[in-house]
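Peer 1: If you scroll down you'll find the structure; I have some questions about it.
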Amino acid sequence: MTNVLINAPKTARRGELIELKTLILHPMETGFRPGTNGGIIPRNIIQRFVATWNGTEIFSMDLSPAISANPFVSFFTVATESGRVAFRWSGDEGFLAEESVTIDVV
Amino acid sequence: MTWSDRPGRRPALVLLALVFGASLAAAQVGADTRRSGYQDMGPALQKMQDDDTANPAMLFVQLGEQLWSKPAGAAGKACADCHSVADMKGVAVRYPAIAKGADRPLDLDGRISLCRTANQQAEPFAPESRDLLSLTAFVAHQSRGLPIAPPDDPRLRPFRDHGAEIYRRRQGQLNLSCAICHDDNAGKKLAGVTIPQAHPTGYPIYRLEWQALGSLKRRLRNCLVGIRAEPYGYGSLDYVALEIFLADRARGMLWEAPGVRP
(Lines give C-alpha, C1' and ligand atoms only; values in the text may rest on other atoms or scores of the structure.)
Protein backbone atom coordinates (compact mmCIF):
# COMPACT_ATOMS: atom_id res chain seq x y z
CA MET A 1 0.00 0.00 0.00
CA THR A 2 1.51 3.32 -0.97
CA ASN A 3 0.25 6.59 0.41
CA VAL A 4 0.75 9.80 -1.48
CA LEU A 5 -0.73 13.29 -1.25
CA ILE A 6 -0.53 15.63 -4.23
CA ASN A 7 -1.39 19.32 -4.34
CA ALA A 8 -1.75 20.56 -7.92
CA PRO A 9 -4.09 23.07 -9.51
CA LYS A 10 -6.93 21.57 -11.57
CA THR A 11 -6.66 24.32 -14.16
CA ALA A 12 -3.93 26.73 -15.21
CA ARG A 13 -3.46 29.40 -17.84
CA ARG A 14 -1.08 28.57 -20.68
CA GLY A 15 2.36 29.81 -19.75
CA GLU A 16 1.48 30.16 -16.07
CA LEU A 17 4.07 29.18 -13.46
CA ILE A 18 2.43 26.61 -11.18
CA GLU A 19 3.60 24.85 -8.04
CA LEU A 20 3.24 21.09 -7.62
CA LYS A 21 3.56 19.68 -4.11
CA THR A 22 3.96 16.02 -3.23
CA LEU A 23 4.13 14.11 0.02
CA ILE A 24 4.76 10.39 0.33
CA LEU A 25 4.74 7.91 3.21
CA HIS A 26 8.22 6.38 3.43
CA PRO A 27 10.59 5.61 6.34
CA MET A 28 13.75 6.90 4.57
CA GLU A 29 15.78 4.60 6.80
CA THR A 30 19.33 5.90 6.57
CA GLY A 31 21.26 2.64 6.89
CA PHE A 32 23.34 4.16 9.68
CA ARG A 33 21.08 3.56 12.66
CA PRO A 34 21.45 0.63 15.06
CA GLY A 35 18.23 -1.26 15.74
CA THR A 36 17.00 -2.70 19.04
CA ASN A 37 19.19 -5.81 18.60
CA GLY A 38 22.33 -3.70 18.10
CA GLY A 39 22.64 -4.52 14.40
CA ILE A 40 22.45 -1.82 11.75
CA ILE A 41 18.96 -1.35 10.25
CA PRO A 42 19.45 -1.83 6.51
CA ARG A 43 19.16 1.26 4.36
CA ASN A 44 15.71 1.75 2.87
CA ILE A 45 15.33 5.04 1.04
CA ILE A 46 13.64 6.44 -2.03
CA GLN A 47 16.44 6.92 -4.51
CA ARG A 48 14.74 8.78 -7.29
CA PHE A 49 11.73 10.97 -7.92
CA VAL A 50 10.61 11.85 -11.45
CA ALA A 51 7.69 13.92 -12.67
CA THR A 52 6.48 13.91 -16.27
CA TRP A 53 3.91 16.04 -18.09
CA ASN A 54 2.24 14.07 -20.88
CA GLY A 55 5.30 11.83 -20.88
CA THR A 56 7.93 14.56 -20.97
CA GLU A 57 10.14 14.84 -17.91
CA ILE A 58 9.65 18.15 -16.14
CA PHE A 59 11.43 17.49 -12.84
CA SER A 60 13.62 14.82 -11.29
CA MET A 61 15.83 14.43 -8.28
CA ASP A 62 18.06 11.93 -6.53
CA LEU A 63 17.30 11.46 -2.85
CA SER A 64 19.92 10.77 -0.18
CA PRO A 65 19.83 9.17 3.28
CA ALA A 66 19.95 12.64 4.86
CA ILE A 67 16.41 13.41 3.68
CA SER A 68 13.73 13.04 6.35
CA ALA A 69 11.08 10.36 6.50
CA ASN A 70 7.90 11.01 4.49
CA PRO A 71 9.63 13.41 2.10
CA PHE A 72 7.79 16.50 0.90
CA VAL A 73 8.90 17.62 -2.56
CA SER A 74 7.61 20.79 -4.16
CA PHE A 75 8.65 22.35 -7.45
CA PHE A 76 7.50 24.86 -10.04
CA THR A 77 6.81 24.27 -13.70
CA VAL A 78 5.29 26.15 -16.61
CA ALA A 79 1.83 24.98 -17.70
CA THR A 80 2.11 24.08 -21.36
CA GLU A 81 -0.76 21.86 -22.45
CA SER A 82 -3.72 20.04 -20.89
CA GLY A 83 -2.93 16.55 -19.79
CA ARG A 84 -1.57 14.19 -17.21
CA VAL A 85 1.21 14.94 -14.77
CA ALA A 86 2.65 11.68 -13.46
CA PHE A 87 4.87 11.26 -10.40
CA ARG A 88 7.09 8.28 -9.78
CA TRP A 89 9.14 7.42 -6.70
CA SER A 90 11.54 4.46 -6.79
CA GLY A 91 14.08 3.14 -4.33
CA ASP A 92 15.54 0.43 -2.15
CA GLU A 93 13.80 -2.90 -1.57
CA GLY A 94 12.04 -2.59 -4.90
CA PHE A 95 10.02 0.41 -3.77
CA LEU A 96 7.85 1.88 -6.49
CA ALA A 97 4.97 4.34 -6.18
CA GLU A 98 3.12 6.08 -8.96
CA GLU A 99 0.44 8.72 -8.87
CA SER A 100 -0.92 11.18 -11.38
CA VAL A 101 -3.19 14.21 -11.71
CA THR A 102 -4.79 15.88 -14.70
CA ILE A 103 -4.46 19.60 -15.29
CA ASP A 104 -6.57 21.60 -17.73
CA VAL A 105 -4.57 24.31 -19.45
CA VAL A 106 -6.80 27.05 -20.84
CA MET B 1 -33.99 40.71 43.81
CA THR B 2 -34.55 37.90 41.39
CA TRP B 3 -35.97 38.10 37.90
CA SER B 4 -39.10 36.29 38.98
CA ASP B 5 -39.79 39.04 41.55
CA ARG B 6 -40.58 41.42 38.73
CA PRO B 7 -43.06 39.81 36.43
CA GLY B 8 -44.36 41.84 33.51
CA ARG B 9 -41.40 44.23 33.17
CA ARG B 10 -40.63 45.43 29.71
CA PRO B 11 -38.86 42.54 28.01
CA ALA B 12 -36.40 44.76 26.10
CA LEU B 13 -35.05 46.21 29.30
CA VAL B 14 -34.74 42.80 30.88
CA LEU B 15 -32.88 41.55 27.83
CA LEU B 16 -30.55 44.53 27.95
CA ALA B 17 -29.82 43.88 31.60
CA LEU B 18 -29.21 40.23 30.87
CA VAL B 19 -26.76 40.98 28.08
CA PHE B 20 -24.98 43.58 30.16
CA GLY B 21 -24.86 41.27 33.14
CA ALA B 22 -23.46 38.44 31.07
CA SER B 23 -20.69 40.51 29.54
CA LEU B 24 -19.81 41.86 32.96
CA ALA B 25 -19.53 38.32 34.27
CA ALA B 26 -17.27 37.38 31.37
CA ALA B 27 -15.05 40.39 32.06
CA GLN B 28 -14.78 39.38 35.69
CA VAL B 29 -13.70 35.85 34.83
CA GLY B 30 -11.04 37.42 32.61
CA ALA B 31 -9.98 36.66 29.08
CA ASP B 32 -9.05 33.07 28.29
CA THR B 33 -5.27 33.06 28.30
CA ARG B 34 -4.94 29.44 27.23
CA ARG B 35 -2.88 28.87 24.10
CA SER B 36 -2.59 25.79 21.97
CA GLY B 37 0.94 24.66 21.15
CA TYR B 38 -0.05 25.61 17.60
CA GLN B 39 0.06 29.29 18.56
CA ASP B 40 3.60 28.90 19.87
CA MET B 41 4.88 27.57 16.55
CA GLY B 42 6.33 29.73 13.78
CA PRO B 43 4.24 30.58 10.70
CA ALA B 44 5.98 27.93 8.56
CA LEU B 45 4.91 25.09 10.86
CA GLN B 46 1.43 26.52 11.27
CA LYS B 47 1.07 26.53 7.50
CA MET B 48 2.31 22.96 7.36
CA GLN B 49 -0.37 21.89 9.83
CA ASP B 50 -3.10 23.86 8.05
CA ASP B 51 -2.39 22.52 4.56
CA ASP B 52 -3.82 19.02 4.27
CA THR B 53 -1.41 18.18 1.46
CA ALA B 54 1.66 19.39 3.38
CA ASN B 55 0.75 18.07 6.84
CA PRO B 56 2.51 14.68 6.97
CA ALA B 57 -0.01 13.45 9.54
CA MET B 58 -2.58 13.41 6.73
CA LEU B 59 -0.68 10.50 5.18
CA PHE B 60 -1.60 8.52 8.27
CA VAL B 61 -5.19 9.73 8.20
CA GLN B 62 -5.30 8.36 4.67
CA LEU B 63 -3.81 5.08 5.89
CA GLY B 64 -6.35 4.98 8.72
CA GLU B 65 -9.16 5.50 6.23
CA GLN B 66 -7.96 2.48 4.27
CA LEU B 67 -7.79 0.36 7.43
CA TRP B 68 -11.24 1.57 8.48
CA SER B 69 -12.93 -0.44 5.76
CA LYS B 70 -10.61 -3.46 5.83
CA PRO B 71 -12.10 -6.55 7.53
CA ALA B 72 -9.95 -8.08 10.26
CA GLY B 73 -10.03 -10.81 12.86
CA ALA B 74 -12.18 -13.86 13.44
CA ALA B 75 -15.34 -11.76 13.17
CA GLY B 76 -14.28 -10.80 9.65
CA LYS B 77 -15.65 -7.32 10.25
CA ALA B 78 -14.30 -3.91 9.37
CA CYS B 79 -14.77 -0.80 11.51
CA ALA B 80 -17.01 0.40 8.70
CA ASP B 81 -19.37 -2.56 9.18
CA CYS B 82 -20.37 -1.30 12.62
CA HIS B 83 -19.74 2.45 12.47
CA SER B 84 -20.36 5.21 9.97
CA VAL B 85 -17.62 7.79 9.55
CA ALA B 86 -20.18 10.49 10.36
CA ASP B 87 -20.76 8.86 13.76
CA MET B 88 -17.10 9.47 14.60
CA LYS B 89 -17.60 13.23 14.52
CA GLY B 90 -17.33 14.56 18.05
CA VAL B 91 -16.02 11.30 19.52
CA ALA B 92 -12.36 12.25 19.96
CA VAL B 93 -13.15 15.48 21.85
CA ARG B 94 -14.91 13.58 24.64
CA TYR B 95 -12.19 11.02 25.31
CA PRO B 96 -10.83 9.65 27.64
CA ALA B 97 -14.16 8.27 28.82
CA ILE B 98 -15.59 5.35 30.77
CA ALA B 99 -17.97 3.13 28.82
CA LYS B 100 -21.32 2.11 30.26
CA GLY B 101 -20.79 -0.77 32.68
CA ALA B 102 -16.98 -0.46 32.60
CA ASP B 103 -14.91 0.72 35.52
CA ARG B 104 -11.76 2.07 33.95
CA PRO B 105 -11.34 4.95 31.57
CA LEU B 106 -10.07 4.46 28.05
CA ASP B 107 -8.44 7.02 25.83
CA LEU B 108 -9.27 7.04 22.14
CA ASP B 109 -6.59 4.57 21.11
CA GLY B 110 -7.57 2.37 24.04
CA ARG B 111 -11.18 2.39 22.84
CA ILE B 112 -10.10 1.51 19.29
CA SER B 113 -7.87 -1.27 20.59
CA LEU B 114 -10.85 -2.65 22.50
CA CYS B 115 -12.95 -2.71 19.32
CA ARG B 116 -10.09 -4.47 17.61
CA THR B 117 -9.92 -7.31 20.16
CA ALA B 118 -13.53 -7.51 21.41
CA ASN B 119 -15.52 -6.64 18.30
CA GLN B 120 -13.25 -7.70 15.46
CA GLN B 121 -11.76 -10.53 17.51
CA ALA B 122 -8.40 -9.76 16.00
CA GLU B 123 -4.85 -9.81 17.33
CA PRO B 124 -4.34 -6.75 19.53
CA PHE B 125 -2.53 -3.83 17.95
CA ALA B 126 0.96 -3.32 19.36
CA PRO B 127 0.87 -0.21 21.56
CA GLU B 128 1.42 2.89 19.46
CA SER B 129 1.87 0.85 16.30
CA ARG B 130 1.44 2.58 12.99
CA ASP B 131 -1.92 0.95 12.28
CA LEU B 132 -3.35 1.91 15.65
CA LEU B 133 -2.04 5.48 15.40
CA SER B 134 -3.39 5.79 11.86
CA LEU B 135 -6.88 4.63 12.85
CA THR B 136 -6.78 6.99 15.83
CA ALA B 137 -5.71 9.86 13.56
CA PHE B 138 -8.53 9.04 11.14
CA VAL B 139 -11.13 9.04 13.92
CA ALA B 140 -9.61 12.12 15.59
CA HIS B 141 -9.62 14.02 12.30
CA GLN B 142 -13.42 13.78 12.14
CA SER B 143 -13.63 16.12 15.15
CA ARG B 144 -11.37 18.86 13.82
CA GLY B 145 -12.57 22.32 14.80
CA LEU B 146 -14.86 21.15 17.61
CA PRO B 147 -14.39 22.30 21.21
CA ILE B 148 -12.80 19.82 23.61
CA ALA B 149 -15.72 18.48 25.65
CA PRO B 150 -14.80 15.97 28.36
CA PRO B 151 -17.87 14.14 29.67
CA ASP B 152 -19.32 15.26 33.02
CA ASP B 153 -19.06 11.75 34.36
CA PRO B 154 -18.54 11.60 38.15
CA ARG B 155 -16.73 8.29 37.68
CA LEU B 156 -13.92 10.18 35.89
CA ARG B 157 -13.31 12.47 38.86
CA PRO B 158 -10.93 10.27 40.88
CA PHE B 159 -8.86 9.66 37.75
CA ARG B 160 -8.75 13.35 36.91
CA ASP B 161 -7.70 14.12 40.49
CA HIS B 162 -4.97 11.52 40.24
CA GLY B 163 -3.82 13.14 36.98
CA ALA B 164 -3.81 16.56 38.65
CA GLU B 165 -1.76 15.14 41.48
CA ILE B 166 0.83 13.72 39.05
CA TYR B 167 0.87 17.04 37.18
CA ARG B 168 1.81 18.96 40.31
CA ARG B 169 4.14 16.36 41.82
CA ARG B 170 7.87 16.98 41.56
CA GLN B 171 9.61 13.99 40.11
CA GLY B 172 12.71 12.71 38.37
CA GLN B 173 16.35 13.48 38.97
CA LEU B 174 15.67 17.07 37.98
CA ASN B 175 12.93 17.20 40.62
CA LEU B 176 10.51 19.16 38.45
CA SER B 177 6.74 18.98 38.12
CA CYS B 178 4.78 19.37 34.91
CA ALA B 179 3.26 22.51 36.42
CA ILE B 180 6.64 24.18 36.96
CA CYS B 181 7.23 24.13 33.23
CA HIS B 182 3.76 24.24 31.73
CA ASP B 183 2.01 26.63 34.19
CA ASP B 184 4.74 28.71 35.84
CA ASN B 185 7.12 29.00 32.89
CA ALA B 186 4.95 28.52 29.82
CA GLY B 187 5.85 30.93 27.06
CA LYS B 188 9.46 31.13 28.22
CA LYS B 189 12.31 29.32 26.54
CA LEU B 190 13.86 26.00 27.46
CA ALA B 191 17.07 25.98 25.44
CA GLY B 192 15.75 27.15 22.06
CA VAL B 193 12.24 25.82 22.52
CA THR B 194 9.19 27.76 23.67
CA ILE B 195 7.57 25.91 26.57
CA PRO B 196 3.95 25.36 25.56
CA GLN B 197 1.00 25.25 27.96
CA ALA B 198 0.66 21.51 27.30
CA HIS B 199 -2.86 21.42 25.90
CA PRO B 200 -3.66 18.14 24.14
CA THR B 201 -5.32 19.83 21.18
CA GLY B 202 -3.63 18.10 18.28
CA TYR B 203 -3.14 14.40 19.08
CA PRO B 204 -2.03 12.20 17.51
CA ILE B 205 0.59 14.65 16.21
CA TYR B 206 3.22 14.49 13.55
CA ARG B 207 6.31 15.58 15.42
CA LEU B 208 9.15 16.62 13.15
CA GLU B 209 11.71 15.42 15.68
CA TRP B 210 10.15 11.95 15.60
CA GLN B 211 9.68 12.01 11.82
CA ALA B 212 6.54 10.10 12.62
CA LEU B 213 3.03 10.24 13.97
CA GLY B 214 2.95 9.85 17.74
CA SER B 215 0.45 9.68 20.56
CA LEU B 216 -0.08 11.95 23.53
CA LYS B 217 1.40 9.15 25.66
CA ARG B 218 4.59 9.32 23.64
CA ARG B 219 4.71 13.08 24.20
CA LEU B 220 4.21 12.58 27.95
CA ARG B 221 6.93 9.93 27.97
CA ASN B 222 9.26 12.44 26.33
CA CYS B 223 8.58 14.98 29.07
CA LEU B 224 9.06 12.36 31.79
CA VAL B 225 12.36 11.23 30.31
CA GLY B 226 13.29 14.89 29.94
CA ILE B 227 13.14 15.41 33.69
CA ARG B 228 14.90 12.05 34.18
CA ALA B 229 11.87 10.42 35.72
CA GLU B 230 11.01 6.84 34.96
CA PRO B 231 8.27 6.79 32.32
CA TYR B 232 5.21 4.68 33.11
CA GLY B 233 4.69 1.36 31.33
CA TYR B 234 2.81 1.33 28.03
CA GLY B 235 -0.61 0.36 29.36
CA SER B 236 -0.36 2.38 32.58
CA LEU B 237 -3.47 4.12 33.91
CA ASP B 238 -1.23 6.98 35.02
CA TYR B 239 -1.09 8.18 31.42
CA VAL B 240 -4.85 8.01 31.03
CA ALA B 241 -5.25 9.92 34.33
CA LEU B 242 -2.92 12.65 33.05
CA GLU B 243 -4.81 12.69 29.75
CA ILE B 244 -8.12 13.16 31.60
CA PHE B 245 -6.64 16.00 33.62
CA LEU B 246 -5.16 17.66 30.53
CA ALA B 247 -8.42 17.31 28.57
CA ASP B 248 -10.34 18.89 31.45
CA ARG B 249 -7.81 21.73 31.63
CA ALA B 250 -8.26 22.30 27.89
CA ARG B 251 -12.07 22.11 27.98
CA GLY B 252 -13.55 24.32 25.27
CA MET B 253 -10.32 24.74 23.31
CA LEU B 254 -10.54 23.78 19.66
CA TRP B 255 -9.54 20.35 18.47
CA GLU B 256 -6.96 20.52 15.70
CA ALA B 257 -5.91 16.90 15.23
CA PRO B 258 -3.85 15.76 13.53
CA GLY B 259 -1.42 18.50 14.53
CA VAL B 260 2.19 19.18 13.59
CA ARG B 261 4.71 19.98 16.30
CA PRO B 262 8.44 20.66 16.16
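The values are calculated or read from the model by the stated rules, or taken from the named source; none is laboratory data. Computed from a predicted model, the values in this text were never measured in an experiment. Backbone-built Cβ (ideal geometry, glycine too); neighbour counts: all protein chains shown. SASA here: full protein model, heavy atoms, side chains in, ligands and nucleic acids out. Shrake-Rupley method; radii C 1.70, N 1.55, O 1.52, S 1.80 Å.
Peer 1: If B:Thr53 satisfies all but one of (1) in contact (Cβ under 8 Å) with a residue 40 or more places away in the chain; (2) within 14 Å of chain A (Cβ to nearest Cβ); (3) over 27 Å from B:Ala250 (Cα atoms), what's the number of the condition it fails?
Peer 2: (1) is the only condition that B:Thr53 fails.
Peer 1: So which residues in the stretch B:128-150 are more than 13 Å from B:Arg249 (Cα to Cα), assigned to a loop (DSSP other than H, G, I, E, B) and modelled with pLDDT of 95 or more, if there are any at all?
Peer 2: Within the stretch B:128-150, the subset more than 13 Å from B:Arg249 (Cα to Cα) is B:128-146.
Next, from what is left, pick out any that are assigned to a loop (DSSP other than H, G, I, E, B): B:128-129, B:142-146.
B:Ser129, B:Gln142, B:Ser143, B:Arg144, B:Gly145, B:Leu146 - these are the residues of the stretch B:128-150 that are more than 13 Å from B:Arg249 (Cα to Cα), assigned to a loop (DSSP other than H, G, I, E, B) and modelled with pLDDT of 95 or more.
Peer 1: Can we say B:Asp109 is in a loop (DSSP other than H, G, I, E, B), within 22 Å of the chain's Cα centre (by Cα) and not small (Gly, Ala, Ser)?
Peer 2: Values: in a loop (DSSP other than H, G, I, E, B): no; within 22 Å of the chain's Cα centre (by Cα): yes; not small (Gly, Ala, Ser): yes.
For B:Asp109, the condition - in a loop (DSSP other than H, G, I, E, B), within 22 Å of the chain's Cα centre (by Cα) and not small (Gly, Ala, Ser) - is not met.
Peer 1: Considering only the stretch B:56-95, state which residues are in contact with a Gly (Cβ under 9 Å, 6 or more places away or on another chain) and within 14 Å of another protein chain (Cβ to nearest Cβ). So that I can check it myself, show each step before the final result.
Peer 2: Filtering the stretch B:56-95 for residues in contact with a Gly (Cβ under 9 Å, 6 or more places away or on another chain) gives B:57, B:95.
Within the stretch B:56-95, just B:Ala57 meets the criteria.
Peer 1: Out of the residues in the stretch B:188-220 that are over 21 Å from B:Ala92 (Cα atoms), away from chain A (no Cβ under 14 Å) and not β-branched (Val, Ile, Thr), which is most open to solvent (accessible area, probe 1.4 Å)? First the steps, then the outcome.
Peer 2: Pass one, the stretch B:188-220, residues over 21 Å from B:Ala92 (Cα atoms): B:188-196, B:208-211.
Then drop every residue that is not away from chain A (no Cβ under 14 Å), which leaves B:188-196.
Checking which are not β-branched (Val, Ile, Thr) leaves us with B:188-192, B:196.
Values: B:Lys188: 110, B:Lys189: 131, B:Leu190: 108, B:Ala191: 97, B:Gly192: 67, B:Pro196: 45 Å².
Top of the filtered list is B:Lys189.
Peer 1: While we're on this one: May I ask you to verify whether B:Trp255 is in contact with a helix residue (DSSP H, G or I) (Cβ under 8 Å, 6 or more places away or on another chain) and without any contact (Cβ under 8 Å) to a residue 12 or more places away in the chain?
Peer 2: No; evaluated as a whole, the condition is false for this residue.
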